[in-house]
Structures are given as C-alpha cells and as structure tokens.
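Notes to accompany the following structure.
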C-alpha cells in the first residue's frame, strides 16, 4: 500500500515568466452573506500591472450570498445545490482556465484571509519562480485560531509533509494560487474538500511548490464546514486514493530517504525577517481603501465600495463541468459600479 508520493517535487526556481492574460481570483462560498461583499471589495483591481477578475462560486447557498456578491462587483457562478468545497474549487479553476488566466488564486469568502495580499501569492507565479503557491498562516501572523484547530492543522500538515515528500508548512491553508498550466492540469478527486488532494496531485505532476507568509484571523460569523471526525473520514480515504493513483501512473518509482527529506528547508517566498502584514497601503496593487485590514488589525467594513465589474455587465459562458455535462449554474455578471 502506497503511503508516500513516488518522488519529491522539483524546488522553486527561475523559469519563464507567465504569458499574457488576467489574474483570476475566485471565492468559493456557501451561505456567506454576512462577509462575501466585504471580501469581494478587498480584491484589488490590478496586481503587478495585470487586470484582476473576481468570481464568486456560490455553492448552493440558501441566503443572499449570490445577490450580495454580484452587487459588490463579482461575477457569480451559482450551483443549484450544495456540492462541497472541493467541487466549488474545481468549478472555479475551470472557469479561470476558460478565461485565459495567467494566474489563478482563490480564498475563502468568510473573511479569514485578506485578498489584498494577492500579490504575495501570484507574484512568484507571474515571475516564473513557482507554479503552485500556498499562503502559510504559520509563517505569517495569526491573529486568532482556536487551540484545537491549531493542533489539528499542525498534525495534518506534518502528515501531509511526510506523504508528499515536500517541505510543507501549512497543508490546510485556504488561500492559494496556481499558474495557468497548473490550474488546467489540476485534478480534485472528491467533492468534499481540496486541501490535501490538490497539493498531492500537483506535486506528483512535478509542479514547483512555494509557500509565502500571510495573515489570518479566525472567522467571526457563520460556521465552518469542518467537523473533525467527519473531516478525517472523508479526507483520509481520498488521500490514499490519490497516492495510489499516482503510484500506478509512475510505476511505483522509489523516492528519497526520510533523512534527505528532513534536510530540505521550508520554501518560503519572502526574505528571512520580512514583516508579514496585509496592509494595502504598501502594496503596488490597487485595493479598496474603505475596508482597512492588516494581519495585526481588524476589518473596518463600515463603508465597503463595490468592486467594478471587469466585463461591463455582460453575460459570460458557463464553465464546463469537470465531471462531464453542464453544471446547473446561473451566471450573473454584476453591473458596473463606479467609485
């Protein structure tokens, strides 16, 4: 029985810069009416000189998530029923690839992550240094995380680090970015979640992995879908299936020893000692200034400016269903809202 990937991934390093195309950011959301508009408003309209398109993948919400996201300036892809976070991320990746994205990023819509930090994640991809970038909460600044959640994250990260043969510091982060080719090649094997299986899939296919420090604050509204026992029952079998799939495709080639793996340093994308703050005032990208937030402060959502829609209110084609057929989605392109 396979318990580790066949071989370690290549380290990050210099490669060709990303080709033309926008940066596409999508937010998977289920019943997030209390926060989704604020998170959309934090998505910068430009990053490193590239236009940013914002999508919200509404995963069968029963509240006003889709309506409020569209009013804030996002293009909304709505599923008729709740399929799961893994399915929502799969839909978002397919939609981004269809739009010709040079880089694709996604984060939760519950305000735990700040999209104003987008440049941290997509910068290494656009510069050609990495293919798959994960925002590490443990390398950055955590304002609040429940003790049991911290312990569980560290335990699962340690297991993923061993299984993946890679220097992973945060295996469950909800803020990630992929190059266009990596997004097109990504496979998420179950609908429930994506965190571990997406990483294993991309690393097994040879994509370069990098972590960058980000800020994090535990959600203050709504309820997380993660329940420890149910999470483990769904995730662990999917991890083993993913490992077995890649071992079969690679002919069960042996990997490096544990000693060699342990000697590899964590791949963190900022210089040692660099301050990890999410203040948009020091960024080159343009982010709304009306909802000030940083890794060491709190959100100030009293005045949220809607994000300008990048498509001028036109309807967009539906992304293909990765499972075959067409997704039951209702796409709504938000009207142009000027500041």
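Observations
- The helices (runs of 4 or more DSSP H) found entirely in the range 170-265 that carry 1 or more residues being at pLDDT 65 or above and more than 25 Å from residue 142 (Cα to Cα) are 180-185, 195-204, 228-250.
- Scanning the range 19-32 for residues being within 22 Å of residue 51 (Cα to Cα) and modelled with pLDDT of 95 or more gives a total of 8.
- Exactly one residue among 100, 128, 86, 123 is surrounded by fewer than 24 Cβ atoms within 10 Å (Cβ to Cβ) and either touching a helix residue (DSSP H, G or I) at 6+ places or on another chain (Cβ under 6 Å) or at pLDDT below 95 (or both), and that residue is 86.
- Test: residue 60 is in contact with a strand residue (DSSP E or B) (Cβ under 8 Å, 6 or more places away or on another chain), crowded, with 22+ Cβ neighbours inside 10 Å, on the phi > 0 side of the Ramachandran plot and modelled with pLDDT of 95 or more: no
- Some residue of the range 109-119 being closer than 29 Å to residue 205 by Cβ, in contact with a helix residue (DSSP H, G or I) (Cβ under 7 Å, 6 or more places away or on another chain) and in a loop (DSSP other than H, G, I, E, B): yes
- For residue 78, the criteria (1) in contact with a strand residue (DSSP E or B) (Cβ under 7 Å, 6 or more places away or on another chain); (2) on the phi > 0 side of the Ramachandran plot hold in every case but one, which is (2).
- Subset of the range 159-169 that is assigned to a loop (DSSP other than H, G, I, E, B) and on the phi < 0 side of the Ramachandran plot - its residue that is surrounded by the fewest Cβ atoms within 10 Å (Cβ to Cβ): 169
- So residue 177, is it in contact (Cβ under 8 Å) with a residue 24 or more places away in the chain, at negative phi and crowded, with 24+ Cβ neighbours inside 10 Å: yes
- Look at (1) in contact with a strand residue (DSSP E or B) (Cβ under 9 Å, 6 or more places away or on another chain); (2) modelled with pLDDT of 95 or more; (3) over 17 Å from residue 175 (Cα atoms) and you find that residue 37 fails only one, number (1).
The values are calculated or read from the model by the stated rules, or taken from the named source; none is laboratory data. Quick caveat, the model's predicted, so the values are computed rather than measured. For neighbour counting, all protein chains shown are included, and Cβ atoms are generated from backbone atoms with ideal geometry for every residue, glycine included.
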